[in-house]
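What follows is a single structure, written as structure tokens, with notes after it.
The values are calculated or read from the model by the stated rules, or taken from the named source; none is laboratory data. Since this is a predicted model, take the numbers as computed values, not measurements. Don't worry about glycine lacking a Cβ; one is built from the backbone with ideal geometry, like all the others, and counts go over all protein chains shown.
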């Protein structure tokens, strides 16, 4: 029986490289869909759910961590591997705390993605060898319940993180409101709360924080 995989990254070349690696592995892993942002992933998961999802953390519109949370709420069988340029302990902890079963750095992914898909599909957890050192510090075991979340590294709510990401990507308040199906007034409130919680008072500093936190790209 094939393992059905959906891949999401806003860089087509990254998706192509992973797809070729998987297709040439001869392991029965089938790429059933590709997406460029988290919103696309959620839409595709509703119409044609996969067994394993490989998601870039810093996707536009909806990042991989928040997409992971939404997938787990809406697709009970979803098993998720997050892919990132970041290998810091805080980001790894938040990613796994959101429910991801695997974490790969983009540098190592072409060599590890097949093993990661097989292990995660079987119910295990797969950490990139470069970040496996964090497992003990984060308090992970090989097959712990993915629904058990660890505290996030900030006090921001999931909705606030979505707003922050879209602001950092250059969207206006009106565009953010439309993308999240919220009123402009609600976006203003979220933006005010973000600045208060983070003790940030300039737009540029909000953008820098989002990039440093892995919510948005340069």
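Overview of results
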item: In the range 102-113, residue farthest from the chain's Cα centre (by Cα) [restricted to those that are surrounded by fewer than 19 Cβ atoms within 10 Å (Cβ to Cβ) and assigned to a helix (DSSP H, G or I)]; result: 111
item: Residue ID - nearest to the chain's Cα centre (by Cα), chosen from residues in the range 72-96 that are over 21 Å from residue 22 (Cα atoms) and assigned to a loop (DSSP other than H, G, I, E, B); result: 86
item: Candidates 99, 124 - the one that is farther than 19 Å from residue 211 by Cβ, assigned to a loop (DSSP other than H, G, I, E, B) and touching a strand residue (DSSP E or B) at 6+ places or on another chain (Cβ under 7 Å); result: 99
item: Among residues of the range 47-64, those that are free of Cβ contacts under 8 Å to residues at least 60 places away in the same chain and under 19 Å from residue 158 (Cβ atoms), counted; result: 5
item: Check on residue 69, out of contact with any strand residue (DSSP E or B) (no Cβ under 9 Å at 6 or more places or on another chain) and either on the phi > 0 side of the Ramachandran plot or surrounded by fewer than 20 Cβ atoms within 10 Å (Cβ to Cβ) (or both); result: yes
item: Condition met for residue 5 (surrounded by 14 or more Cβ atoms within 10 Å (Cβ to Cβ) and either outside any helix (DSSP H, G or I) or not assigned by TED's automatic domain parsing to the domain that holds residue 106 (or both)); result: yes
item: Which numbered condition residue 81 fails, given (1) within 13 Å of residue 109 (Cβ to Cβ); (2) touching a residue at least 60 places away in the same chain (Cβ under 8 Å); (3) touching a strand residue (DSSP E or B) at 6+ places or on another chain (Cβ under 8 Å); result: (2)
item: Residues located in the range 43-71, provided they are over 8 Å from the mean Cα position of the chain (by Cα) and assigned to a loop (DSSP other than H, G, I, E, B); result: 48, 49, 50, 51, 60, 61, 62
